[in-house]
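Engineer: This is the structure I want to talk about, given as structure tokens.
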Amino acid sequence: MQEILSYLKKQLQQNTSISFIALNPDKYNEYAGMQVEIENIIYIYRSYKAWVDLAEILMCKIYTPEPISTYLIKITLQKLKTDSFHTDSKKNEKYGVNSHFWRIHKMEEPAFIYYYIQALQNVHIEHKKQVLNLGINRADEFMVIKNLIDTKKYKDMQFIGVDHSYSAIEQAKRLLPEKNVDFYTQDINALDTLDLPKSDLLISIGTLQSPSIDFKPFFMHLVQNYLTKDASIILGFPNSRWVGGEVIYGAKAPNYVMSEQSLMYNDVIFVKKYLQQKKYRVTITGKQYVFVTATKIGI
């Protein structure tokens, strides 16, 4: 794999796509690196997952492999386009209905929705009464809750979603017009102007790490002023980038060409230690998004 990685990196510097022949993983059940002899030629087994991971590392899309023979396939990698919401220059509407971000549907990514649902189950979402979501956008997180729990329990809960994008909030209102759901268009830094009730569940996915928010003091302010004494917390920290229609693993800090996750983990560990001091049980899960889930000990 070392030789393959080096070769493909060089080729992709000069070409937008590249194809190569590999052993068909469907024909074997082995670990990566096992040797297979076919007609006096030695091949090395690698799974489809290995090739998909390689494509992601090389910032490529992988096309459906083409059968070449009974035991061989052709794999084609295509360099991703560089378009990404991360480089959009808009402010409030950077995340609005006409934005690049709007095309992203995190709930269609298995590694996101699986861990999000797991977090909701860990906080016993069916027992919550007041849910606050900061950075709600089009309300995807609320829709998952609505689909997850009993209809009567859902109607007995109160939901508040806050986002600075007017067009996203208007879409959220159309999506969830129920009387038990309220949406506010507001800069989260000015949250105190809304005079919101205390909630027993705080959800914020990929929002509190925005450059405009002083994360650590702001988070402590939320815990102290917006949550009940027995409240739970679900935070999602982006450990990925969205490029050319694909989610690419690994947070990318400013001024780094490669993925560099120190800033993300610094915030994760801060939250974990701070909440443990407040007598919370804290778990860290996830993949493309790192989920920090906290429940009060004894609850």
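Engineer: Just checking, how many residues over the range 51-81 are within 27 Å of the chain's Cα centre (by Cα) and either among the acidic types (D, E) or in a strand (DSSP E or B) (or both)?
Structural biologist: 9
The rows are residues; the columns are (1) touching a strand residue (DSSP E or B) at 6+ places or on another chain (Cβ under 6 Å); (2) modelled with pLDDT under 95; (3) surrounded by 14 or more Cβ atoms within 10 Å (Cβ to Cβ); (4) assigned to a strand (DSSP E or B).
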site: L5; (1), (2), (3), (4): no, no, no, no
site: K10; (1), (2), (3), (4): no, no, no, no
site: I18; (1), (2), (3), (4): yes, no, yes, yes
site: N29; (1), (2), (3), (4): no, yes, no, no
site: A32; (1), (2), (3), (4): no, yes, no, no
site: V36; (1), (2), (3), (4): yes, yes, yes, yes
site: I42; (1), (2), (3), (4): yes, yes, no, yes
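Engineer: From the residues in the range 235-270 that are assigned to a strand (DSSP E or B) and small (G, A, S), which one is modelled with the lowest pLDDT? If you could, list the steps in order and put the result at the bottom.
Structural biologist: So the first thing to find is which residues in the range 235-270 are assigned to a strand (DSSP E or B), and the list is 235-238, 240-243, 246-249.
Then drop every residue that is not small (G, A, S), which leaves 236, 240.
Values: G236: 97, S240: 93.
By that ranking, first place goes to S240.
Engineer: Keeping to the range 190-234, report how many residues are assigned to a helix (DSSP H, G or I) and closer than 26 Å to F112 by Cβ. Don't jump to the end; show me each part of the working.
Structural biologist: Residues of the range 190-234 that are assigned to a helix (DSSP H, G or I), as a first pass: 190-194, 215-225.
From the residues that got through so far, the ones that are closer than 26 Å to F112 by Cβ too are 191, 215-216, 218-219, 222-223.
The total comes to 7.
Engineer: Taking the condition of being assigned to a loop (DSSP other than H, G, I, E, B), in contact with a Ser or Thr (Cβ under 9 Å, 6 or more places away or on another chain) and not aliphatic (A, V, I, L, M), how many residues in the range 271-299 meet it?
Structural biologist: Of the residues in that region, 2 qualify.
Engineer: A follow-up question, please. Exactly one condition in (1) of a type outside the set (D, E, K, R); (2) within 30 Å of R103 (Cβ to Cβ); (3) at pLDDT 95 or above; (4) crowded, with 17+ Cβ neighbours inside 10 Å is not met by V223; state its number.
Structural biologist: (2)
Engineer: May I pose another question? Could you grab me the full set of residues in the range 173-188 that are of a type in the set (V, I, T) and under 17 Å from S199 (Cβ atoms)?
Structural biologist: Selection gives V181, I188.
Engineer: Do we have Y274 as buried (at least 18 other Cβ atoms within 10 Å of the Cβ), hydroxyl-bearing (S, T, Y), over 21 Å from the mean Cα position of the chain (by Cα) and within 29 Å of E126 (Cβ to Cβ) here?
Structural biologist: Values: buried (at least 18 other Cβ atoms within 10 Å of the Cβ): no; hydroxyl-bearing (S, T, Y): yes; over 21 Å from the mean Cα position of the chain (by Cα): yes; within 29 Å of E126 (Cβ to Cβ): yes.
Answer is no for this residue.
The values are calculated or read from the model by the stated rules, or taken from the named source; none is laboratory data. Keep in mind it's a predicted model, so treat the numbers as computed, not measured. FYI the Cβ positions are ideal-geometry reconstructions off the backbone, even for glycines, and counts take in every protein chain you see.
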